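The values are calculated or read from the model by the stated rules, or taken from the named source; none is laboratory data. Small disclaimer: the values here were computed from a predicted structure and weren't measured. FYI the Cβ positions are ideal-geometry reconstructions off the backbone, even for glycines, and counts take in every protein chain you see. The accessibility values were calculated without ligands, DNA or RNA, using every heavy atom of the protein model including side chains. Shrake-Rupley method; radii C 1.70, N 1.55, O 1.52, S 1.80 Å.
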Amino acid sequence: MEQVLWLYSQVYRLWRTNWIDLSCEKKTQPLDLAMARDQLQVLSALDLAKTQWYHFTAIVIAGMGFFTDAYDLFCISLVTKLLGRIYYHVDDHPKPGSLPPNVAAAVNGVALCGTLVGQLFFGWLGDKLGRKRVYGMTLMLMVVCSIASGLSLGKEPKAVIVTLCFFRFWLGFGIGGDYPLSATIMSEYANKKTRGAFIAAVFAMQGFGILAGGIVAIVVSASFKSAFKSLPYSMDPIGSTVPQADYVWRIILMVGALPAAMTYYWRMKMPETARYTALVAKNAKQAAADMSKVLEVEIEAEEEKIERLAQDKKGSFGLFSREFLMRHGLHLLGTTSTWFLLDIAFYSQNLFQKDIFSAVGWIPPAQTMNALEEVYRIARAQTLIALCSTVPGYWFTVALIDYMGRFAIQLMGFAFMTIFMFALAIPYDHWTKKENRIGFVVMYAFTFFFANFGPNSTTFVVPAEIFPARLRSTCHGISAAAGKAGAIIGAFGFLYAAQNRDRTKTDAGYPPGIGVKYSLIVLGGINFLGALFTFLVPESKGRSLEEISGENEDENEAEMQGVHTGRTVPV
């Protein structure tokens, strides 16, 4: 009973924090002044710094990692059809070869599994060894495994697929490390006024990575198609896949190593974040020296304050302590649950992508094309989707996150995703008619526009702001790993669930499912749950990281701050 009452009080406190405290300014003023007196000068300098060149440098250095992440994770979907034609051709079959369901799941999903493990491991390591020291490891792993993915060994299908999956797992492992480290580094470098926009800008580079993957695939496939002519599959089943097509998928995968390799030197030149150096490593002198160079101002070391913080055992609680549960347990539940639910919906787009591409005539039936033409058509379609809905959504978040706040954008995004999912699902038979398919495409585009101008961005931003410095990377990694678990369910669980209930109409190798209509209804319900769990996540707009996490407060002050942090979303 006591645990139930405690949980109720915590949910009520968070609800007050995000929604109704109308007299916040007067109540928070004494606490803010006390915190300003206790704040280290080096951290105050970072919080109050005007937007400078080093902010943009940090965005580019961290953002190029995410550019590479998105390129590597999403480019595999551009070449899976080609892999099926090359390695799983069946003589005298009316349709081109395709990857069996278990092989397709492995090729597409193994990198997501590696990413989940990498997020947990490197998130933890970033708090133990420092952000900068681990940052280089993840990038080199990405470079090596991107190249190795394109050099998959052997000629037999089994050998090629096994080595491809092996290297893509470790590629995902490196990509996973980039999530908590990039977010944490950017949040600890940024000023409090525009911190949300800077972290969101790093994540928004994903959109350009997806776009770049499509453009590279278009250029490579068009070049090979021009150089090596072939007939469609229906006219020449063997000759429609020229031997040189085996180079196409390898080149597309290997190009992902280039942007990562180009930024390695600059990552190694970045100093460790002042918050890690001062608050975790307890080296005030080094933190002041590093940030004096970055900000080009004189900063006092304040070693006495650091020693005082080091001696204070109240602020040294661990992840599995009762103190963490009391202060941040519901916050962690909020960030993990919303990211998990969001990624189920976000990665389930595979459900109806093929319907959309066919509806607007971007991808004709496979047997009417040769192998290189099919790669070109798929890449062109995905590039148009990225250009029209994915990229704009990310940058709307960047522009508005420090005005609207994280809470409002996330709640709005989940709400619109729920509305559009139900609008696609309930009259699904209406949308399947040929004259209504353009409307289906528009609804689809809006669904994922509000995913990116919504929870897909904010779930990345918030975990980098609301936890203490010594646990920040770990908690971000846990939140991100929960998201990837949702991605695996969304990408593969719903691929089976969305199969037609009539066994004769399912895709080759798949058992009957509940159908696309009912899958969309379930996804609408998942988005609605995401909106509800958003109420567990506190608003962090315009406040210092130490104020949000309560690192410099004792337990009583933390409880007062929890009640009086202020309303940030209009009633």
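Could you list, in sequence order, the residues of the stretch 426-453 that are of a type outside the set (A, V, I, L, M, F, W, C), open to solvent by 30 Å² or more (accessible area, probe 1.4 Å) and closer than 19 Å to residue 525 by Cα?
Result: 427, 428.
Got at least one residue in the stretch 203-212 being assigned to a loop (DSSP other than H, G, I, E, B) and open to solvent by 30 Å² or more (accessible area, probe 1.4 Å)?
Of all residues in the stretch 203-212, those assigned to a loop (DSSP other than H, G, I, E, B) come to none.
Checked against the condition, which is being assigned to a loop (DSSP other than H, G, I, E, B) and open to solvent by 30 Å² or more (accessible area, probe 1.4 Å), the stretch 203-212 yields no hits at all.
Hand me the list of helices (runs of 4 or more DSSP H) wholly inside the stretch 432-511 holding 3 or more residues that are farther than 24 Å from residue 401 by Cα. Give the derivation first.
Numbers: elements: 437-452, 455-461, 469-488, 494-497.
It comes to 437-452, 469-488, 494-497.
Here are some residues: 544, 549, 519. Which one is open to solvent by less than 30 Å² (accessible area, probe 1.4 Å), modelled with pLDDT of 85 or more, over 30 Å from residue 427 (Cα atoms) and polar (S, T, N, Q)? Spell out how you get there, then give the answer.
Details: 549 fails: modelled with pLDDT of 85 or more; 519 fails: over 30 Å from residue 427 (Cα atoms).
Exactly one of 544, 549, 519 is open to solvent by less than 30 Å² (accessible area, probe 1.4 Å), modelled with pLDDT of 85 or more, over 30 Å from residue 427 (Cα atoms) and polar (S, T, N, Q), namely 544.
Residue 536 is checked against (1) touching a Cys at 6+ places or on another chain (Cβ under 8 Å); (2) modelled with pLDDT of 85 or more and fails just one. What number does that condition carry?
Tallying (1) touching a Cys at 6+ places or on another chain (Cβ under 8 Å); (2) modelled with pLDDT of 85 or more, residue 536 fails exactly one: (1).
Can you pull out every residue in the stretch 408-424 that is within 19 Å of the chain's Cα centre (by Cα) and of a type in the set (Val, Ile, Thr)?
Matches in the stretch 408-424: 409 only.
Can you report the number of residues in the stretch 114-130 which are open to solvent by less than 60 Å² (accessible area, probe 1.4 Å) and either on the phi > 0 side of the Ramachandran plot or of a type in the set (Phe, Trp, Tyr) (or both)? It would help to see each step written out before you state the result.
Residues of the stretch 114-130 open to solvent by less than 60 Å² (accessible area, probe 1.4 Å): 114-116, 118-119, 122-123, 125-127, 130.
Filter once more, so that each one left must be either on the phi > 0 side of the Ramachandran plot or of a type in the set (Phe, Trp, Tyr) (or both): 122, 130.
Summing the residues that are open to solvent by less than 60 Å² (accessible area, probe 1.4 Å) and either on the phi > 0 side of the Ramachandran plot or of a type in the set (Phe, Trp, Tyr) (or both) in the stretch 114-130 gives 2.
I need a count of the residues in the stretch 207-261 that are more than 16 Å from residue 81 (Cβ to Cβ) and among the acidic types (Asp, Glu).
Total satisfying the criteria: 1.
Scan the stretch 316-338 for residues that are closer than 21 Å to residue 280 by Cβ and surrounded by 18 or more Cβ atoms within 10 Å (Cβ to Cβ) and report the count.
So the answer is 7.
Just the residues that are open to solvent by less than 20 Å² (accessible area, probe 1.4 Å) and modelled with pLDDT under 85, please, taken from the stretch 339-384.
Those that are open to solvent by less than 20 Å² (accessible area, probe 1.4 Å) and modelled with pLDDT under 85: 348, 351, 352, 356, 357.
Among the residues in the stretch 130-146, are any touching a helix residue (DSSP H, G or I) at 6+ places or on another chain (Cβ under 8 Å), closer than 30 Å to residue 373 by Cβ and in contact (Cβ under 8 Å) with a residue 24 or more places away in the chain?
yes
When the stretch 242-262 is examined, which residues are found to be of a type outside the set (A, V, I, L, M) and open to solvent by 10 Å² or more (accessible area, probe 1.4 Å)? If you could, list the steps in order and put the result at the bottom.
So in the stretch 242-262, the residues of a type outside the set (A, V, I, L, M) come out as 243-244, 246-247, 249-250, 256, 259.
Of everything in the stretch 242-262, those that are of a type outside the set (A, V, I, L, M) and open to solvent by 10 Å² or more (accessible area, probe 1.4 Å) turn out to be 243, 244, 246, 247, 250, 259.
Do any residues in the stretch 210-230 that are at negative phi have Cβ atoms under 6 Å from those of residues that are assigned to a loop (DSSP other than H, G, I, E, B) and crowded, with 23+ Cβ neighbours inside 10 Å, where the two are at least six apart or on different chains, and which pairs are they?
213/75; 230/240; 230/370
Quick one: is residue 153 assigned to a loop (DSSP other than H, G, I, E, B) and either surrounded by 24 or more Cβ atoms within 10 Å (Cβ to Cβ) or of a type in the set (A, V, I, L, M, F, W, C) (or both)? Write out each step before concluding.
Details: assigned to a loop (DSSP other than H, G, I, E, B): yes; either surrounded by 24 or more Cβ atoms within 10 Å (Cβ to Cβ) or of a type in the set (A, V, I, L, M, F, W, C) (or both): yes.
Taking the combined requirement at face value, the residue satisfies it.
Residues are listed down the side, and each one gets a yes or a no for (1) among the small types (Gly, Ala, Ser); (2) under 19 Å from the mean Cα position of the chain (by Cα); (3) not in a loop (DSSP other than H, G, I, E, B):
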site: 47; (1), (2), (3): no, no, yes
site: 60; (1), (2), (3): no, yes, yes
site: 63; (1), (2), (3): yes, yes, yes
site: 71; (1), (2), (3): no, yes, yes
site: 94; (1), (2), (3): no, no, no
site: 98; (1), (2), (3): yes, no, no
site: 106; (1), (2), (3): yes, no, yes
site: 109; (1), (2), (3): yes, yes, yes
site: 138; (1), (2), (3): no, yes, yes
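Being among the hydrophobic types (A, V, I, L, M, F, W, C) and more than 18 Å from residue 74 (Cβ to Cβ) is the filter; apply it to the stretch 148-169 and report the residue that is modelled with the lowest pLDDT.
153
Taking the stretch 218-240 only, how many residues are surrounded by 23 or more Cβ atoms within 10 Å (Cβ to Cβ) and assigned to a loop (DSSP other than H, G, I, E, B)?
Residues flagged as surrounded by 23 or more Cβ atoms within 10 Å (Cβ to Cβ) and assigned to a loop (DSSP other than H, G, I, E, B) within the stretch 218-240 amount to 2.
Would you check if there is a residue in the stretch 157-168 being of a type in the set (S, T, N, Q), touching a Phe, Trp or Tyr at 6+ places or on another chain (Cβ under 9 Å) and at negative phi?
no
Just to verify a result, which residue in the stretch 57-113, among those that are aromatic (Phe, Trp, Tyr) and open to solvent by less than 10 Å² (accessible area, probe 1.4 Å), is nearest to residue 211 (Cα to Cα)?
Here is the first cut: in the stretch 57-113, the ones aromatic (Phe, Trp, Tyr) are 66-67, 71, 74, 87-88.
Then keep just the ones that are open to solvent by less than 10 Å² (accessible area, probe 1.4 Å); that gives 66, 71.
Values: 66: 13, 71: 8 Å.
Here the residue is 71.
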